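Heads up: the structure comes next, in structure tokens.
The values are calculated or read from the model by the stated rules, or taken from the named source; none is laboratory data. Since we're looking at a predicted model, the values are computed, not measured. In this analysis, Cβ positions are derived from the backbone assuming ideal geometry, glycine residues included, and neighbour counts consider all displayed protein chains. Quick note on the areas: whole protein, heavy atoms, side chains included, nothing else; ligands and nucleic acids left out. Shrake-Rupley method; radii C 1.70, N 1.55, O 1.52, S 1.80 Å.
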Amino acid sequence: MGVFRSKQELYAVMGALFDRLKEDPEIVARLLEGNLVVRFRWHDPEGEVTIDLRRAPITYTFGPSDLPVDVEMEQSADVAHRFWLGELQVPRAIATRQVIARGSVAKALRLLPAIRPAFAVYREVLKELGREDLLSTPMSAPKPFKARAWWRRLQDLLGRLRPEPRLPSIDFAALNRHFIPLVESEATPTLPSPVPSILPAHLPDLKREMLRRMLLIRAFEEHLSRAFAQGRLPTEAIHLSIGQEAVAVGACFALQPTDLMATTHRGHGHMIAKGADVDGMMAEIYGRATGLCKGKGGSMHVTDARVGALGANGIVGASALIATGAALASKLRGSSSVSLAFLGDGATNQGMFHEAVNFAAVFNLPVIFVVENNQYAEFTPLARHTRVTRLADRAIAYGIPGVQVDGNDVWAVYETVTEAVERARRGEGPALIECVTYRWCGHVEGESARYRSPEEIARWQARDPIRMWGERLQAEGLISAADLEALRQEAEARVAEAARKAEAAPLPPPESLTEDVFAPEPISLYRPSPPPPATREVTYAQALWEALAEEMARDPAVFLMGEDVSHGGYFAVTAGLAEEFPGRVLDTPISEYAIVGAAVGAAMCGMRPVVEILFSDFLTTCMDPLVNQAAKLRYMSGGQYALPLVVRTPGGAGLGMAAQHSQSLEALFTGIPGLIVIAPSTPFDAKGLLKAAIRSNNPVLFFENKLLYLQTGKIPEGEYVVPIGVADVKRPGRDVTVVALGSMVPLALRVADELAQEGIEVEVIDPRTLVPLDMATILRSVLKTGRLVTVEEGTLTHGFGAEIAARVAETVPHRLKAPVRRVSAPDIPIPYARSLEQQAIPGEETLRTAILSFFESVQAG
Ligand SMILES: Cc1ncc(C[n+]2csc(CCOP(=O)(O)OP(=O)(O)O)c2C)c(N)n1
């Protein structure tokens, strides 16, 4: 028997208490807010009371009642007694099954603060009833910890009788495994040093070398054509440039080894002309470990950084942006190197091309755009993809020189490009050169489409650039017919040797699969360390400003670029930096492709661009440079390039800017391998993580929530960085884990503080870095609490919460006491009207309800 010896005694005490409570107007008013019918069931002794909190006066009935009950709590009379003494935390009692709750428990728990004054009343009632003994008597009921200890003992016993399957032990280090190599060295990865020029200075030799190189390209591609037809290449995408060799050789021979070149899917000729290693190229196209890109790029992406190549590229138009970025790097460094982009006639209809040329013109960059007009964009002839008959005229729109040249005349190409290169080297800016030529083969090997007449092909083959150049050299007396034949045989032998080596070379080792996704990073940027004391109060925006200023002062390779950044950008984050760092804060045209694309090119050349995309919604207008270039070029090049760039961008709703200026797109980008994604929530983290991001050797997408810009918080006085890939436990707690992103972190902390008043201890975790994710910290918390809520401003489906929930579920399915709750915006665009916008963004109430729902019984109703 416990504290109450009989049902009558229990009813007498509770009745006296309820009578007192229903006379207290303040308590009554608060209780009526619940609009509930509550039933308490007691056992030991058994009894029950139904209390109607729907209207005044409050009524209660001991024993059976027909009232429709909203919530029912079942417990021993001793537990009830401890509750009224104020000694019991109800949510924890529910969690430990001392109280069995059914129905609208979350709603009922909200009444807890209202009932708190009743604890004093209960003590008075006990005194009035002459039961002072119960105030001081040690409880006969087991205390919670004792109950748990008893439960554990029982489990042990049962376990011995019928051993439970053991949970697999958790490898926390494996949970945080990522593909970023961490090294002790702080050195910045650099491009390999350029190989010395192999171009002869003596003009007749140079002319002969042009012929040799064109023959080599022809032999190389003829071999690929045969190998493809025989099924010896591991690809369905081989784009040959047979018939266009004069463009490749004429243009590349106009460049120095330190000049840079970016090309397209049809880039074999350009690469060989620039001096790429033929064995390495062949092995790459055969998909071998000895390939220039270790078998990760293939024909469309082959590259050799040692010869100043910035890669072939599978995205039509991308080469223009990458070369522009390389030229920007050259200009910022005060270097004399020039860059050159090859692109097709079809690419001149690409937005990337137009943004690149305009950008290059505006900044007067040393870049040459060589449009290789081979008459077709895939199967569509020039006249059907543009009304511009002379593609060189496209230059007029951008105020730069545009020249058309016979692309089958290697000397004409060479002279024209040389002039443009010298002009660019003198600082006179970009030029566009249209080389009119023709491809003899299909767009892609194996092509069956018939869109060209045999007569048309024959007409162009009659102007074979190699034959024409050979005849000219013979006419100039520089070679004989026998020399020509010897050169042809030499080229074929060279290619045959490369093919033989490639076929004998090993396949890439399996372990190389996950290598080269990211460049090596200094381990210091990832190592958790105790944070320095934060003493100085600043806004989030000010913290970002300090990070930018400090890193610009620290590293001359860092520069800023974006729309109106010299004026501070839309949210004034960069204000004043242009004055402090003249020439290193660049206001760009409204060209998001160009902003990020040029950052990619500049980063490949060793700069550390930090660009601002005005609103994260506009990331959609630079998806290619981010997703296909920044995130992929290291991997596709087999680790030849590093891409140390940061894209800062404000996101989130709350400013009445509707669906195209309010999205939270963080989750979208976490599924792109090769990108680091960061979303800090405090000034401390914003500064420390932005500094780490700028020092990172990899592309970082840095989300800043607009509503946080004016939030204040303390930061340390001196130098610090916040480690990448390390989550922060913003508030410890035992009962529920809340993983909150960005703007949801302060909200989660407010809710956690409130719930603490009601006895629920919420642990709030801010991952800070979404990629790489510190899953170990999240999981350790979930193992402690057994309950997980994720809260994000983004939408539900495929949200970040989904990923966390899935990872927790697959790692510790049996440790969750209840299913994971996800709090997010609904799957809708963000609306304009303030009331609707507020409805869309997760608020405190939604989060609170999600947390409290854990304490509702599953047998509700
Ligand atoms: C952005 C993009 N759109 C479409 C394609 C598919 N595609 C590959 S090559 C090609 C034709 C490109 O024509 P052009 O620029 O004239 O170059 P060419 O193939 O003639 O060398 C197309 C449409 C692509 N790779 N990238």
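Table: residues versus (1) closer than 19 Å to residue 497 by Cα; (2) open to solvent by less than 10 Å² (accessible area, probe 1.4 Å).
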| site | (1), (2) |
| --- | --- |
| 237 | no, no |
| 241 | no, yes |
| 250 | no, yes |
| 264 | no, no |
| 270 | no, yes |
| 277 | yes, no |
| 286 | yes, yes |
| 289 | yes, no |
| 301 | no, no |
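Quick check: anything in segment 49-59 in a helix (DSSP H, G or I), crowded, with 20+ Cβ neighbours inside 10 Å and either touching a Phe, Trp or Tyr at 6+ places or on another chain (Cβ under 8 Å) or modelled with pLDDT under 90 (or both)? Within segment 49-59 (the criterion being in a helix (DSSP H, G or I), crowded, with 20+ Cβ neighbours inside 10 Å and either touching a Phe, Trp or Tyr at 6+ places or on another chain (Cβ under 8 Å) or modelled with pLDDT under 90 (or both)), the answer is no, since none of the residues qualifies.
In this structure, does residue 452 turn out to be assigned to a loop (DSSP other than H, G, I, E, B), charged (D, E, K, R), open to solvent by less than 50 Å² (accessible area, probe 1.4 Å) and at pLDDT 95 or above? Yes; evaluated as a whole, the condition is true for this residue.
I'd like to know if segment 273-289 contains one or more residues that are touching a Leu at 6+ places or on another chain (Cβ under 6 Å), in contact (Cβ under 8 Å) with a residue 12 or more places away in the chain and within 16 Å of the ligand (Cβ to nearest atom). The answer is no; no qualifying residue exists.
Taking residues in segment 315-331 that are over 11 Å from residue 599 (Cβ atoms), and partners anywhere that are open to solvent by 10 Å² or more (accessible area, probe 1.4 Å) and within 15 Å of the ligand (Cβ to nearest atom), the pairs with Cβ atoms closer than 6 Å and at least 6 places apart or on different chains are 315/624; 315/628; 316/350; 317/350; 319/264. Could you check, for segment 213-220, whether at least one of its residues is out of contact with any helix residue (DSSP H, G or I) (no Cβ under 9 Å at 6 or more places or on another chain) and in a helix (DSSP H, G or I)? Among the residues of segment 213-220, not one is out of contact with any helix residue (DSSP H, G or I) (no Cβ under 9 Å at 6 or more places or on another chain) and in a helix (DSSP H, G or I), which makes the answer no. Within segment 565-599, the set of residues being open to solvent by less than 10 Å² (accessible area, probe 1.4 Å) and without any contact (Cβ under 8 Å) to a residue 12 or more places away in the chain comprises 568 only. Of all residues in segment 600-659, those that are within 16 Å of the ligand (Cβ to nearest atom), open to solvent by 10 Å² or more (accessible area, probe 1.4 Å) and without any contact (Cβ under 8 Å) to a residue 60 or more places away in the chain total 5.
The set of residues in segment 5-42 that are of a type in the set (Val, Ile, Thr) and assigned to a helix (DSSP H, G or I) comprises 13, 27, 28. Among the residues of segment 2-27, write down those that are under 58 Å from the mean Cα position of the chain (by Cα), open to solvent by 20 Å² or more (accessible area, probe 1.4 Å) and in contact (Cβ under 8 Å) with a residue 24 or more places away in the chain. Hits for segment 2-27 are 22, 24, 26.
Within segment 362-376, being crowded, with 20+ Cβ neighbours inside 10 Å and either on the phi > 0 side of the Ramachandran plot or not hydroxyl-bearing (Ser, Thr, Tyr) (or both) holds for 363, 365, 366, 367, 368, 369, 370, 371, 372, 373, 374.
Applying the criterion of being part of a strand (DSSP E or B) and not β-branched (Val, Ile, Thr) to the residues of segment 667-722, the residue that is most open to solvent (accessible area, probe 1.4 Å) is 714. Remark: pairs (first residue in segment 111-130, open to solvent by less than 20 Å² (accessible area, probe 1.4 Å); second residue of a type in the set (S, T, N, Q); Cβ separation under 7 Å; 6+ apart in sequence or on different chains) are absent. The set of residues in segment 301-344 being of a type in the set (S, T, N, Q) and away from the ligand (no atom under 16 Å from the Cβ) consists of 303, 324, 330, 335, 336, 337, 339.
Residues in segment 475-500 that are in a helix (DSSP H, G or I) and loosely packed, with under 15 Cβ neighbours inside 10 Å: 11 in all. The single residue among 257, 234 that is more than 15 Å from the ligand (Cβ to nearest atom), part of a loop (DSSP other than H, G, I, E, B) and at pLDDT below 95 turns out to be 257. Name, by its number, the condition in (1) touching a strand residue (DSSP E or B) at 6+ places or on another chain (Cβ under 7 Å); (2) assigned to a loop (DSSP other than H, G, I, E, B); (3) among the polar types (S, T, N, Q) that does not hold for residue 781. Failed condition: (2). Looking at segment 795-861, the helices (runs of 4 or more DSSP H) lying wholly inside it that each contain 2 or more residues that are under 21 Å from residue 658 (Cβ atoms) sit at 834-840. Look at segment 422-445: where a residue is under 23 Å from residue 364 (Cβ atoms) and within 15 Å of the ligand (Cβ to nearest atom) and a partner is at pLDDT 95 or above and of a type in the set (Lys, Arg), sitting 6+ places away or on another chain with Cβ atoms under 9 Å, you get 432/394; 434/390; 434/394. Of all the residues in segment 705-720, those that are out of contact with any strand residue (DSSP E or B) (no Cβ under 7 Å at 6 or more places or on another chain) and among the aliphatic types (A, V, I, L, M) number 2. A Cβ distance below 6 Å, combined with a sequence gap of six or more or placement on separate chains, defines the contacts here; from segment 349-365, residues that are more than 19 Å from residue 587 (Cβ to Cβ) and touching a residue at least 40 places away in the same chain (Cβ under 8 Å) reach residues that are within 16 Å of the ligand (Cβ to nearest atom) and assigned to a loop (DSSP other than H, G, I, E, B) in the pairs 352/317. Reported count of residues in segment 810-832, each being out of contact with any His (no Cβ under 9 Å at 6 or more places or on another chain) and either surrounded by 15 or more Cβ atoms within 10 Å (Cβ to Cβ) or in contact (Cβ under 8 Å) with a residue 60 or more places away in the chain (or both), is 16.
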